[in-house]
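Taking it in order: structure first as structure tokens, then the write-up.
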Amino acid sequence: MESGGITRNSRALVAVVAVTALLVALHSVISQLSGPEVFGPGDTEISVSAGDRFTLEVPDDPGDGYHWIVAAPRPDPAVLRAAGQRRIAPDDGAGPPSAHHGSRALDFAAVRPGRTDLRLLHCLRCAAGAADEPGAEVLNFRVTVG
């Protein structure tokens, strides 16, 4: 037995636990600083981990009167929940014409492991049957939370 009543194995275990705690804290800080992962309309298969936040960024022109909504059938709330949305201003004029209108960022939080479907609807009136109105657009995503 070593001095102080602490064995060499105990000190090694304490060191391993301390290093592990430091790595977990560092990962958490880096994850928060880097922000959520961003997906676009073409990313129809989305895989994230439980506890992650992610963003779907879709083209948006506030002048056309259309809105993006999470449409029925809604995603399973035990797997995925909406966490808000915000407008992203247009770029400086470079890029494709659609980029000149800006975009909408729809934020989501992955609640727990599972799989659910997410349906976004770009609609004018956004009432019953809105998916059939002229100019409406539907985007479907399969979200897997691991």
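The values are calculated or read from the model by the stated rules, or taken from the named source; none is laboratory data. No experiment lies behind these values; they were computed from the predicted model shown. Neighbour counts are summed over all protein chains in view; Cβ atoms, including those assigned to glycine, are modelled from backbone coordinates with ideal geometry. All accessible areas refer to the heavy atoms of the entire protein, side chains included, with ligands and DNA or RNA removed. Shrake-Rupley method; radii C 1.70, N 1.55, O 1.52, S 1.80 Å.
For the reader, a short list of remarks on this structure follows.
- Among the candidates Asp117, Asp52, Asp91, residue that is at pLDDT below 90 and open to solvent by 30 Å² or more (accessible area, probe 1.4 Å): Asp91
- Taking the criterion of being farther than 18 Å from Ile46 by Cα and among the acidic types (Asp, Glu), the residues of region 108-146 that qualify are Asp132, Glu133, Glu137.
- Residues of region 71-84 that turn out to be crowded, with 17+ Cβ neighbours inside 10 Å and at pLDDT 95 or above, as a count: 4
- So Ala105, is it open to solvent by 60 Å² or more (accessible area, probe 1.4 Å) and in a strand (DSSP E or B): no
- Sole residue being modelled with pLDDT under 95, basic (Lys, Arg) and more than 18 Å from Gly84 (Cβ to Cβ), chosen from Arg142, Arg125: Arg125
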